[in-house]
1. Of everything in the stretch 202-225, what is within 18 Å of G287 (Cβ to Cβ), modelled with pLDDT under 90 and small (G, A, S)? Give them in sequence order.
2. If you check A223 against the conditions, is it in contact with a Phe, Trp or Tyr (Cβ under 9 Å, 6 or more places away or on another chain) and closer than 30 Å to R99 by Cβ?
3. Out of the residues in the stretch 205-233 meeting the condition of being more than 20 Å from V193 (Cα to Cα) and of a type in the set (G, A, S), tell me which one is surrounded by the most Cβ atoms within 10 Å (Cβ to Cβ).
4. For L114, all conditions in the list (1) crowded, with 19+ Cβ neighbours inside 10 Å; (2) assigned to a helix (DSSP H, G or I); (3) of a type in the set (A, V, I, L, M) hold save one; what is the number of the exception?
5. Can you tell me which residue among S107, S101 is modelled with pLDDT of 90 or more, touching a helix residue (DSSP H, G or I) at 6+ places or on another chain (Cβ under 8 Å), surrounded by 20 or more Cβ atoms within 10 Å (Cβ to Cβ) and hydroxyl-bearing (S, T, Y)?
6. Which pairs have Cβ atoms under 9 Å, sit 6 or more apart or on different chains, and link a residue in the stretch 242-269 that is without any contact (Cβ under 8 Å) to a residue 60 or more places away in the chain and farther than 14 Å from L103 by Cβ to one that is part of a loop (DSSP other than H, G, I, E, B) and among the aliphatic types (A, V, I, L, M)?
7. Give the residues of the stretch 193-214 that are within 29 Å of V109 (Cβ to Cβ), without any contact (Cβ under 8 Å) to a residue 40 or more places away in the chain and either in contact with a Leu (Cβ under 9 Å, 6 or more places away or on another chain) or not aliphatic (A, V, I, L, M) (or both), sorted by residue number.
8. Does the stretch 44-100 hold any residues that are of a type in the set (D, E, K, R), more than 18 Å from I276 (Cα to Cα) and outside any helix (DSSP H, G or I), and which are they?
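The values are calculated or read from the model by the stated rules, or taken from the named source; none is laboratory data. All values reported here derive from a predicted model rather than from experimental measurement. Virtual Cβ from ideal backbone geometry, glycine too; neighbours counted across all protein chains shown.
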Amino acid sequence: MVTPLGEALPTDTPPPSPWREFVTAFTANRGATIAFFVFVAVVLGALFASWLAPHDPLQQFRDHMLTPPLWQAGGLAMFPLGTDELGRCLLSRLLHGGRISLLIGFSAVTLALLPGVVLGLVAAFGKGWMSATIMRLMDVLLALPGLLLAIAVISILGPGLVNTVIAIAVGALPGYVRLTRGAALGELAKDYVTASRVAGAGRLRLMFDTVLPNCLGPLIINATLGFSSAILESAALGFLGLGVQPPLPEWGSMLSAARDYIERAPWVVTLPGLTILGTVLAINLMGDGLRDALDPKLRSAS
């Protein structure tokens, strides 16, 4: 609008929604955006593996063992990425292996995140022996590297899909406990928590309704990066023969089974390795984009 004197009146434009601000900040990071679409492609490939895979991942074609990929001499259209040492279609095994690897990563993160958040909040709100006991126990678990701790747990429980998830979750638990406790302690000193206490809010309401929502940013970022770490650890356990057992198509166990053919048929090692590398890299780049988009300071700086 314009006044009679010709001056423009300020227009009241509503501020952008938090969701729009997040999407704008995330898409401003080109690497994170590309990584997001790569990760979506991996997830869709795993979800629809039964329709996308040209063959059953366990089916053996004895007449086509170690067939090279389609773009190499001797490649066949029925095996676009070639076959392994037992004549199984590599493309089919990679697609179905994505189901197992992503399932392990998601389950391990969930199994570590939920109790980690609860224990971290209890340690932040608790006083005396309760908080000290939780944190000393976490310090004991942190004394061992995550993969070494996972190997120790697997040695006790035995190899397998469920035990692999438990082993990786145990190794990741201390990180979520310490992160939640640190974020909660930072929030406890703020005025809105004091106001909630004065208003009569109980401890559980303070923990899960007042403080926890303001700690979700770093937890989401850590869970995203922990997802990639869980995939790497499951691949490492599978490579060592301690994770998912053959004949299930898991990326790490595929690497382990193919290492004897690295010179004769390099594609049986290269393709699973590149799949692990691309998936983990995409998740890590997404984590960087989430960190920039969820942090107001980094968002305003960009």
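1. G217 - this is the single residue of the stretch 202-225 that is within 18 Å of G287 (Cβ to Cβ), modelled with pLDDT under 90 and small (G, A, S).
2. In short, yes.
3. A230
4. All conditions pass for L114, except number (1).
5. On inspection, the qualifying residue turns out to be S101.
6. Partner pairs satisfying both residue conditions: S253/V244; S256/L240; V269/I262.
7. V193, R205, D209, T210, P213, N214
8. If the condition is that a residue be of a type in the set (D, E, K, R), more than 18 Å from I276 (Cα to Cα) and outside any helix (DSSP H, G or I), then D56, E85, R88 are the ones that fit.
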